[in-house]
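Here the structure is laid out as structure tokens; the discussion comes afterwards.
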Amino acid sequence: MKTSIKLLFMLCVTMAFGQKHTVEGEIKPVTEAGLHHIPVPYNFRTHATANLRDLRILDAKGNQVPYFLKSVTAFKTTQVSDFTEFAMVSTSQETDSSSTYIFENPDKSIKQAVFLIANYQGSKSYKLEGSNNKTKWFGIVNNGQLDNLSHPEDTQVYKVINFPLGAYRYLKVVFNDKHSLPINLLKIGKVSAEKETISPIKMDDIPVKTISFSEENKKTQVHITFERPEVIHQMKLNITGPALYSRDATLYALRSREEKRNIETYRKVISSFSLRSDKDLVFDIPPMVEGELYLEIENKDNPKLQISSIEFMQKPMYMVAALKPQTTYKVTAGNKALNFPDYDISEVVNTLKKTLPLATITSIKTIEPAKEAVTQTSFWQQPWFMWCCIGVAGLFIGIYASNLIKDLNKKQV
């Protein structure tokens, strides 16, 4: 019994690890050694798992090359004029724990502060407290977050934080340094004018297979299909008419569930939004993996919208890996049995240059699973032969039983 269990376990393990990747590509040889950004192209990513846990980089000998994933975020900067610095009361730092800054509020009330921070790679969480005597402190912000803490052209960056209106004389900001290096907070103050500029993410387009329209009950139904289930983050509509409109729209997918032993289909709402002629028609939607979507637009008594195109996009994703110059590397994906690799690189590389050299994945090809050879089945292995044998055997048994009953009846007479 134990031997059988071991054999079954070994068979399952062999099946799991015997699975092959379904897509592979080559990293174009780089010219300098060190860390590189490696964009994951759409036509490669579409064959991988949704969370990209099956990505692997292999060198010429087939050894894994450590990497970590990095998503691209919108870069925000704040241009500040007429900066007025607050008086800093005290600063303190506990190694590997926290950094604390106490400053004085010069106004009767306050609901905003501006931090001037030396460039820092990463994000930082903080707490904000208020006091009137520097002894008893009260909470204002319990879990704040500072992101995009570096400037592309300057050595420091302004970050504006907003919080509930208060009248505390002193404010204390405590940065959490338990899992990251401390930041260098240069000044705290206020501004009389500010302007925020955002560099948007350049999204990767997702090809659409088909789009069909239908009108029913004063609603426009749009059916969208893709070649494969895709990771989708954003949708854009191009509407040419009428000139003025305001419509409610719902994006959904169809799902199935069992109800009282019956399979029923229902709508899984993904996002609801308003289509307006005076607003941008670009919508962020919750991350999802779908191969088929539906868009329903409420027209009421208005003419239907003239939709020239619908576009879907996904946020780009990068691998960061240390590459050697003039070396061949292969990238594979599509093995659903793989889990996230556990590499040290994500732990030790906690400060990166703002710009890393790019390495590109080329020569992408899909690998079709090997087809099983079709073997000719003998006639005696066919189902009809088996049923014929059962029928003949049943006939002989019936005849034998009938003769046996006749013999018993004769003996009784």
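The values are calculated or read from the model by the stated rules, or taken from the named source; none is laboratory data. Predicted model, so just to flag it, every value in this text is computed and none were measured. Cβ: placed from backbone, ideal geometry, glycine included. Neighbour counts: every protein chain shown. For the accessible areas, the whole protein counts, side chains as well, though only heavy atoms, and no ligand, DNA or RNA atoms are used. Shrake-Rupley method; radii C 1.70, N 1.55, O 1.52, S 1.80 Å.
Tabulated data
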quantity: Relative contact order [Cα under 8 Å, 6+ residues apart], the stretch 111-173, whole percent; calculated: 48
quantity: Surrounding net charge for LYS219, when Lys and Arg each add one and Asp and Glu each subtract one, Cβ distance under 15 Å; calculated: -1
quantity: Cα pair count fraction exceeding 15 Å, expressed as % - the stretch 95-144; calculated: 59
quantity: Distance violations [Cα-Cα > 19 Å] among LYS20/LYS70; LYS236/LYS336; LYS28/LYS209; LYS108/LYS190; calculated: LYS20/LYS70; LYS236/LYS336; LYS28/LYS209
quantity: The stretch 294-327-the stretch 264-282 distance, computed between alpha-carbon centres (Å); calculated: 14
quantity: Heavy atoms of ARG45: accessible area, 1.4 Å probe, square angstrom to 10; calculated: 20
quantity: Probe 1.4 Å - accessible area at GLU104, Å² to nearest ten; calculated: 60
quantity: Aspartates and glutamates whose Cα lies under 15 Å from that of LYS279, excluding same-chain neighbours fewer than 8 positions away; calculated: ASP248
quantity: Net charge of neighbours whose Cβ lies under 13 Å from the Cβ of ASN132, counting Lys and Arg as +1 and Asp and Glu as -1; calculated: +3
quantity: Cα extents of the stretch 211-265 along the three principal axes, largest first (Å); calculated: 50, 30, 17
quantity: Summed side-chain charge close to VAL65 - residues other than VAL65 whose Cβ falls under 12 Å, Lys, Arg +1, Asp, Glu -1; calculated: +3
quantity: Over the stretch 112-214 - Rg/Rh using Cα atoms and the Kirkwood inverse-distance radius; calculated: 1.16
